[in-house]
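Following: one structure in structure tokens, then a few remarks.
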Amino acid sequence: MTTVSTSRDVLIDPFGEDTEPISQICKSIPGKPSAQTVWRWIVKGRQGVFLKAIPIGREYATNREAVTAFLNAVGDAKARNYGKNQKPAEKPAKRGQASQRSR
């Protein structure tokens, strides 16, 4: 089982059979995010979670197991943070108040 990294210093096995460059693996992720988006998940993270990957030449490589663990961890982080930073909804103005003030 792959654990999800909250720091950028954890890497995956570069010799794993299922290790693929992000330009290829992004095509198999639901929603088909761009390679730039997957790169951002590796370098900057999302919701405090980083996608585990290894730099190979000018590109990063990862595997499906790491992507699955990352997406699950992001979903968990979103669920934990849901509603913490939301402002209460403003009450809508009563109909006609704005027009009465301008008269």
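Read-outs: derived from the displayed coordinates by stated rules, not from any lab. In this text the structure is predicted, and so the values were computed from the model without any measurement. Positions of Cβ are generated from backbone atoms using ideal geometry, with glycine treated the same way; all protein chains shown enter the neighbour counts.
Relative to the compact-globule estimate of 2.2 N^0.38 Å, the Cα radius of gyration of the stretch 1-77 comes out at 0.96. Close amide H partners of ILE12, meaning residues 5 or more places away or on another chain with modelled amide H under 5 Å apart, are ALA53, ILE54.
Among 24-36, 40-52, sorting by the average number of other beta carbon atoms lying within 10 angstrom of each residue, highest first, gives 40-52, 24-36.
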